[in-house]
1. In the range B:2-47, what residues drop by 50 Å² or more in accessible surface going from the chain by itself to the full protein assembly, probe 1.4 Å?
2. On the accessible surface of chain B, probed at 1.4 Å, how many percent belong to carbon and sulfur atoms?
3. Looking only at the range B:1-45, which residues have a backbone nitrogen under 19 Å from a spot 7 Å from the Cα of residue B:141 in the C-beta direction?
4. Indicate the gyration tensor shape class of the range A:28-197 (rounded, prolate or oblate), computed on the Cα atoms with a ≥ b ≥ c the square roots of the eigenvalues: a/c under 1.5 is rounded; otherwise a/b larger than b/c is prolate and the rest oblate.
5. Which shape class, rounded, prolate or oblate, goes with the protein assembly as shown when its Cα gyration tensor gives a ≥ b ≥ c as root eigenvalues, a/c under 1.5 marks rounded, and past that a/b bigger than b/c marks prolate?
6. Return the single residue from B:123, B:17, B:90 with maximal mean-square fluctuation; model: Gaussian network over chain B, springs between Cα atoms under 10 Å.
7. For chain A, what does the relative contact order come out to in percent, with C-alpha contacts under 8 Å and a separation of six or more?
8. Among B:62, A:194, what's the order by accessible area (1.4 angstrom probe), most exposed first?
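The values are calculated or read from the model by the stated rules, or taken from the named source; none is laboratory data. This one's a predicted model, so the numbers in the text were calculated from it and none came from an experiment. Here the Cβ positions follow ideal geometry from the backbone for every residue, glycine too, while neighbour counts run over all protein chains shown. These accessible areas exclude ligands, DNA and RNA; they are computed on the full protein's heavy atoms, side chains included. Shrake-Rupley method; radii C 1.70, N 1.55, O 1.52, S 1.80 Å.
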Amino acid sequence: MGLFSKQNKQVLAKPLSLDNPIMVQVLGICSALAVTSQLKPAIVMGLAVTVITAFSNVIISIIRKSIPMRIRIIVQLVVVAALVTIVSQILKAFAYDVSVQLSVYVGLIITNCILMGRLEAFAMMNKPWPSFLDGIGNGLGYAMILIIVGFVRELFGRGTLLGFQVLPDSYVGNGMMTMPAMALILLGCIIWVHRAYFYKEEESK
Amino acid sequence: MEHLINLFFRSIFVDNMIFAFFLGMCSFLAVSKNVKTSIGLGAAVTFVLVVTVPVDYLLQVHVLEPLGLSYLSFILFIAVIAGMTQIVEMVVERYSPSLYSSLGIFLPLIAVNCAIMGASLFMQQRINLDPASSQYIGNVWDAIVYAFGSGLGWMLAITLMGAIREKMQYSDVPKPLQGLGITFITVGLMAMAMMCFSGLKI
């Protein structure tokens, strides 16, 4: 099996469209909503989750045969917690302002259901390399939604993107967009569009 | 005393885990299909919160802080939570098998319920707040009250959602919006209503 065989490509590409972790598998909603009031934390969060998902998938996949079934959740949590601690320290050192904005949500990556979901559903049963790709794919699928929601919320809530003024000064920020409630409604609408678009494919399954 | 009451009501209504911080959404969305299971899961989450947050508080103040090991807090907190969840799971299985089977996979998943980890992490932040603030957590009682309030707030949210979803089964929702989509929008509208409580002071 080549490194980028057809099967591997599918593992990577599927979470980006049809099998998106947030919209279809309903994983990792919590942090997806809280960090998206601006674009920058959304991007950082997406990247952090991608990296952590990929590496925890690889580690668990390597040791999958020696983990006793009964305590596997604790083993997985410890692996993830260690990776999250590393990422959180790196963020504090190199991007302090973002890590302050993300506050507890960096720590909450540990309990992000995407990680546990992928570990249970994929890494426990597959070889390291496909697991790595699966982690990257799901992380990017997650990041994609975060970036869409963050983009809309920052653009209409403040008239800026990544802190730069985009809309003319006369635009009055829509405070509603920066409220938590709006993130939920926006995500609902994204799911609506996604389902409407892929509806026929779901039907034929 | 006044501070405790204030903290309690704030954590239920203003700092509601679901409506203000979106914590615990995964199980919230998956289990809130009817009122009975919702209450059961809400009670289980509240119980785990009330036990883990004070334990984590004591660990943070008496072990991690004096030794300068605060960066290990993630691993330590998650270990406490995973252990507690295991105990709750065994207790529920023994005394209420029907609840055990209806909660299914979501019982062990309380360990990865963001609301519980989130409460511990918020607690960790709040230790450093100004003692005059109504969110300040300064001793074990504060931690217990905060945990209990957050748990009740979560339970309130999931019960309301369960009730709404029971009714919603009879409404005519556009097909692509059915299920997840409409649930999100409903939670969004509920969150907007809950915003009326912000600024609440007792």
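1. Going by heavy-atom accessible area, the residues of the range B:2-47 that drop by at least 50 Å² are B:22, B:26.
2. Carbon plus sulfur share of accessible area: 68 percent.
3. B:1-12, by backbone N distance to the label point.
4. prolate
5. rounded
6. Of B:123, B:17, B:90, the Gaussian network model singles out B:90 as fluctuating most.
7. Details: 260 pairs, mean separation 71.5, N = 205.
Across chain A, relative contact order equals 35 percent.
8. Heavy-atom accessible area, descending, gives B:62, A:194.
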